[in-house]
Amino acid sequence: MVGTSTELIKRLVELPDDKKYEIKEYKEKRSLNANNYYWQLVTELGNVLGMDKEWLHFLLLQKYGQSEMISVVADVDMKNYLKYYAEAGESVLNGKTFKHYKVYKGSSEMDKKEMSILINGLVEECHIQGIETKTPAEINSLLERWDNK
């Protein structure tokens, strides 16, 4: 149900009492947000390069994203625990072998600044391939509305 408070009150009194209802402020749905635009460009760039978009996304995270290093006992299969990671080496401590991994933050987990760096990097990659992108002002407008919380 969408309407002004007066319109909603009129409608609510006509609804059955044996059900529960939720009222919240109506917000226009945005047809495009920063994450959608990112994936649109990843798809376009992937098509031009003949690359799978998930693989391209991982390459972009490696080049422009945020990461942390972790160490795990070597016999643990990390694909059961992490989505975006790369092996960075191994070492032995007290007779146990550990593998070190660089773990990348996914785009949906990024804050506005991190997402800005990722999108701006992707835009540069697109420009190199002759792919048209939104203007910097349009991209900034998308990023201003970025809120992953």
(message) Let me confirm something: among Glu124, Glu132, which residue is among the acidic types (Asp, Glu), within 17 Å of His57 (Cβ to Cβ) and open to solvent by 50 Å² or more (accessible area, probe 1.4 Å)?
(response) Glu124
(message) If I filter region 61-90 down to residues being open to solvent by 70 Å² or more (accessible area, probe 1.4 Å) and part of a helix (DSSP H, G or I), which single residue comes out as farthest from Ser116 (Cα to Cα)?
(response) Asn80
(request) For region 4-23, indicate whether the set of residues that are out of contact with any Pro (no Cβ under 7 Å at 6 or more places or on another chain), open to solvent by less than 100 Å² (accessible area, probe 1.4 Å) and within 30 Å of Gly121 (Cα to Cα) is non-empty. (result) no
(message) Checking Val123 against (1) at pLDDT below 95; (2) within 14 Å of Tyr37 (Cβ to Cβ), only one condition comes out false. Which one?
(response) (1)
(message) Please go through (1) modelled with pLDDT of 95 or more; (2) in contact with a helix residue (DSSP H, G or I) (Cβ under 7 Å, 6 or more places away or on another chain) for Thr97 and return the number of the only condition it doesn't satisfy.
(response) (2)
(request) Considering each of Met69, Met78 in turn, give the residue that is over 21 Å from Ile139 (Cα atoms), touching a strand residue (DSSP E or B) at 6+ places or on another chain (Cβ under 7 Å) and at pLDDT below 95. (result) Met78
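Only one residue in Val42, Val48 is at pLDDT 95 or above, open to solvent by less than 40 Å² (accessible area, probe 1.4 Å) and aliphatic (A, V, I, L, M). Which one?
On the way: Val48 fails: open to solvent by less than 40 Å² (accessible area, probe 1.4 Å).
Unique residue meeting the criteria: Val42.
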(message) Between Ser116, Ser108, which is open to solvent by less than 40 Å² (accessible area, probe 1.4 Å), at pLDDT below 95 and assigned to a helix (DSSP H, G or I)?
(response) Ser116
(request) Look at Asn94 and say whether it is at positive phi and open to solvent by 30 Å² or more (accessible area, probe 1.4 Å). (result) yes
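The values are calculated or read from the model by the stated rules, or taken from the named source; none is laboratory data. Just so it is clear, the structure is predicted and the values come from calculations on it, not from any experiment. Cβ sites come from the backbone with ideal geometry, for glycine too, and all protein chains shown count toward neighbours. When the accessible area is computed, the model is the full protein with side chains, heavy atoms only, and any ligands, DNA or RNA have been set aside. Shrake-Rupley method; radii C 1.70, N 1.55, O 1.52, S 1.80 Å.
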